[in-house]
1. For region 52-76, give me the residue count where each residue is buried (at least 20 other Cβ atoms within 10 Å of the Cβ) and not in a helix (DSSP H, G or I).
2. Among residues belonging to region 48-85 that are among the aromatic types (Phe, Trp, Tyr) and within 9 Å of the ligand (Cβ to nearest atom), point out the one that is farthest from Tyr119 (Cα to Cα).
3. Against the conditions (1) surrounded by fewer than 16 Cβ atoms within 10 Å (Cβ to Cβ); (2) part of a strand (DSSP E or B), where does Thr184 fall short? Just the number, please.
4. Is one or more of the residues making up region 296-309 farther than 17 Å from Val243 by Cβ, part of a helix (DSSP H, G or I) and either touching a residue at least 40 places away in the same chain (Cβ under 8 Å) or not aromatic (Phe, Trp, Tyr) (or both)?
5. Out of region 228-255, which residues are closer than 10 Å to Phe318 by Cα and not charged (D, E, K, R)?
6. Among the residues of region 177-184, is any within 14 Å of the ligand (Cβ to nearest atom) and without any contact (Cβ under 8 Å) to a residue 60 or more places away in the chain?
7. Working only within region 156-181, note down all residues that are open to solvent by less than 80 Å² (accessible area, probe 1.4 Å), part of a helix (DSSP H, G or I) and among the acidic types (Asp, Glu).
8. Which residues, counting only those in region 227-241, are away from the ligand (no atom under 14 Å from the Cβ) and either in a helix (DSSP H, G or I) or at pLDDT below 95 (or both)?
Amino acid sequence: MAAPCKPCIRAALLGAFAFTRGVLNSRVAVRTYASDSRDGEGMAHFGFQSVPEGEKAEKVYKVFESVAQKYDIMNDAMSLGVHRLWKDALLRIMNPLPGCRLLDVAGGTGDISFRFLEYVRNQQERLLRRTMRKHQTPTWHEIAASYTSQQATVLGGSRAVVCDINKEMLKVGRQRAKDLSYGTGLSWVVGDAEELPFEDDQFDIYSIAFGIRNVTHMDKALQEAHRVLKPGGRFLCLEFSHVSNPVLSRIYDAYSFQLIPVIGEVIAGDWNSYQYLVESIRRFPDQETFSHMMAEAGFFSVRFTNLTAGVVAVHSGFKL
Ligand SMILES: C[S@@+](CC[C@H](N)C(=O)[O-])C[C@H]1O[C@@H](n2cnc3c(N)ncnc32)[C@H](O)[C@@H]1O
């Protein structure tokens with residue numbers, strides 16, 4: 001086994017020390033929840049900093065440009081793989097049927113869209129198996145016909161569009177799609193959540209996972225989501241949220257503030273971007289406030305499901 005490098009050992013020791021100190025101290029984070037991502041007239045928050053509104057998007061762009069290549073590996077490292085379970089849970093709540101069209105905004109490297117295609121393919125296969133079971137002794141003609149239609153309708157006409165403002169994230173996503181053989185039913189579009197490059201009433205489902213907290217005007221992004229959804233369409237947002245249990249909250253804060261930037265430095269050589277990520281999580285509104293914002297944007301039947309004691313929540317609402 002290769003010996004760990006000196007900077008790694010130093011960073012690990014630093015992290016362990018900081019984490020212990022953080023838990024004991026408990027004064028690790030100032031929780032400041034805003035009703036949207038703005039900091040008063042003309043200003044926006046960028047993590048814990050207040051910056052002119054016009055500068056936030058560029059700063060966020062630079063963060064994701066910088067982390068794009070290591071984004072997926074960092075997600076696994078930071079969450080110990082749990083982000084995969086959260087994304088799977090989002091898909092179970094979404095429960096898309098074959099034929100449905102998904103718009104995955106802030107889709108980054110494609111995790112949600114890949115899961116969507118997988119989910120729909122499994123649903124479609126189940127449906128076909130059920131149909132086949134009905135004809136227990138099909139003729140050769142029926143077998144040949146069903147095989148052809150299976151090939152043609154493996155996704156039942158479903159499509160996923162990954163839309164993200166950051167070209168680097170999309171580039172990494174496209175390469176992953178190629179490596180994992182996700183081609184059919186998938187497209188990649190550069191676009192801003194606040195001004196989506198799509199016509200009205202186009203999609204059955206709009207998803208945004210760990211994306212909306214990075215947007216300058218969340219209210220605009222919500223209105224855009226509402227605009228592009230078909231009547232009856234569903235908005236789903238997976239986002240870091242508010243842990244109400246005080247003990248868990250203290251451990252979680254210590255972990256986020258003391259260890260995540262260290263992991264970012266060791267794996268991606270980028271402390272600042274990961275410092276921003278944890279700060280932006282703390283600035284995101286809690287479950288009730290975000291639900292209220294969704295209702296203000298025109299969504300009905302608004303509800304949320306907490307995952308991992310509220311570390312993240314899935315928010316859901318419908319366009320009528
Ligand atoms: C934390 S990543 C989430 C990626 C992916 N959804 C996932 O769950 O792995 C946040 C993404 O939001 C994108 N983003 C930030 N601001 C955006 C905006 N205004 N419009 C669209 N995408 C945006 C970033 O480029 C980045 O890819």
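1. So the count comes out to 0.
2. Tyr61
3. Every condition holds for Thr184 apart from (2).
4. yes
5. Those that are closer than 10 Å to Phe318 by Cα and not charged (D, E, K, R): Leu229, Pro231, Gly232, Gly233, Phe235, Leu236.
6. No: region 177-184 contains no residue that is within 14 Å of the ligand (Cβ to nearest atom) and without any contact (Cβ under 8 Å) to a residue 60 or more places away in the chain.
7. Result: Glu168, single match.
8. Across region 227-241, the qualifying residue is only Arg227.
The values are calculated or read from the model by the stated rules, or taken from the named source; none is laboratory data. Source: prediction; values computed, not measured. As a convention, Cβ positions derive from the backbone with ideal geometry for all residues, glycine included, and neighbour counts pool all protein chains shown. Remember, those area values only see protein heavy atoms, side chains included, never the ligands or the DNA or RNA. Shrake-Rupley method; radii C 1.70, N 1.55, O 1.52, S 1.80 Å.
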